[in-house]
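Single-structure report; data block below.
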Amino acid sequence: MKSNITKIVTVLFLIASTMPAQKFVSNVSKRGTTAAPFLSIAQGARALGMGTAFVAVANDQSAMYWNPAGIADLTGTRIVFDYTQWIADIKYNYVGATINLGDIGVVGLNLTSSSVPEMRVTTVDKPEGTGEMFGVSDAAVGITYALKLTDKFSIGFNPKFVYQKIWKMSASAIAIDMGVKYQTPFDGITLGMSISNFGSKMRLMGNNTLVLYDPDQFTTGNNAHIPADARTDEWTLPLNFKVGIAYNVFSVDGNRLVLAMDASHPSDNYESIDLGGEYVFNDYIFLRGGYKSLFLENAEERFTLGFGIQQALIGNTQLTFDYAYQDYQRLNNAQKFSVGIIF
């Protein structure tokens, strides 16, 4: 049965990676041409601190975002709360929980939501505001399942519901993330691959498209207030195909050094490379650093830094705290905080 599952997963990845690739044009940027761009915002302070080179590492609760196959290695029950202080006073929250069901596999639940300050409604006639306020919200809910087909190879899936709203308009979509993770015969080397946001298109619909239309602005005496619906277009989700490699340089008495590299092939940008590393001291202090968007021209994302601590509590319960800082040059910076519980 496991061999059949492996064949099915292989075919799915080949189809998913080949079809969107036919639409990619290497010499034309497609920035800003997808819906739900919040799906591309990194989740998990540990991963961000490592420059988001995490597809082959993916061994904590945030793996549901980076590579669903990664949660197959998680034991017990784990919960993570993630807070992102993003650009332009936008804030994102991520909550994820996983539970190991033994031979059945590992299941998880994750939720991403946004917090955006309300803004004034302005028009051409009233540039200072009409007195109304409008808000913007994003949300994604996913259910993750991962299974170890062998002691070296695991697969994972994260089907999810995506929702966006701006003022009186809203849009939704169904998507799935898929991933595989393989511990190679070479000592300390792990490979990972993931496809994110493979799903339906989104179209904003609502009362804001209802307008009064003048079919002939240069003619007087006609009806200049015909009710009309300014229908919006459909937009694809930010599909991303990533391949990564992680190398465990050494692991001695609770001290470890891991180096990682990811290659990204997104549908809304050029290809790029992410680099990162993590040093663990005495299974207690974690120091991280990375560099994002290598070889990507005009990118604002550059170096990342982070640290974390892990403290044992009562019994087998452990508490983790992680922090990450990302430099955005002209756009200032982004900061991320994660708190995790393992029991």
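Among the residues in the range 98-108, are any touching a helix residue (DSSP H, G or I) at 6+ places or on another chain (Cβ under 8 Å), buried (at least 18 other Cβ atoms within 10 Å of the Cβ), under 21 Å from Asn240 (Cα atoms) and in the same structural domain as Arg78 (by TED's automatic domain parsing)? Scanning the range 98-108 turns up no residue that is touching a helix residue (DSSP H, G or I) at 6+ places or on another chain (Cβ under 8 Å), buried (at least 18 other Cβ atoms within 10 Å of the Cβ), under 21 Å from Asn240 (Cα atoms) and in the same structural domain as Arg78 (by TED's automatic domain parsing). Looking across the range 186-206, the residues that are in contact with a strand residue (DSSP E or B) (Cβ under 6 Å, 6 or more places away or on another chain) and within 30 Å of Val258 (Cα to Cα) come down to Gly188, Ile189, Thr190, Leu191, Gly192, Met193, Ser194, Ile195, Ser196, Asn197, Phe198. Out of Phe218, Phe186, one residue alone is aromatic (Phe, Trp, Tyr) and at pLDDT below 80. It is Phe218.
Taking the criterion of being among the β-branched types (Val, Ile, Thr) and closer than 14 Å to Phe157 by Cβ, the residues of the range 105-116 that qualify are Val106, Val107. Does Phe38 qualify as being surrounded by 15 or more Cβ atoms within 10 Å (Cβ to Cβ), under 17 Å from Val243 (Cα atoms) and modelled with pLDDT of 85 or more? Answer is no for this residue.
Of all residues in the range 259-296, those being surrounded by 16 or more Cβ atoms within 10 Å (Cβ to Cβ), aliphatic (A, V, I, L, M) and over 22 Å from the mean Cα position of the chain (by Cα) number 1. Selection over the range 158-199 of residues that are under 22 Å from Leu147 (Cβ atoms), among the hydroxyl-bearing types (Ser, Thr, Tyr) and in contact with a Phe, Trp or Tyr (Cβ under 6 Å, 6 or more places away or on another chain) gives a count of 1. Name every residue in the range 166-192 that is under 17 Å from the mean Cα position of the chain (by Cα), more than 30 Å from Met119 (Cα to Cα) and buried (at least 21 other Cβ atoms within 10 Å of the Cβ), in order of residue number. Asp177, Met178, Gly179, Val180, Gly192 - these are the residues of the range 166-192 that are under 17 Å from the mean Cα position of the chain (by Cα), more than 30 Å from Met119 (Cα to Cα) and buried (at least 21 other Cβ atoms within 10 Å of the Cβ).
The values are calculated or read from the model by the stated rules, or taken from the named source; none is laboratory data. This is a predicted model, so every value here is computed, not measured. Reconstructed Cβ throughout: ideal geometry from the backbone, glycine too, with neighbour counts over all protein chains shown.
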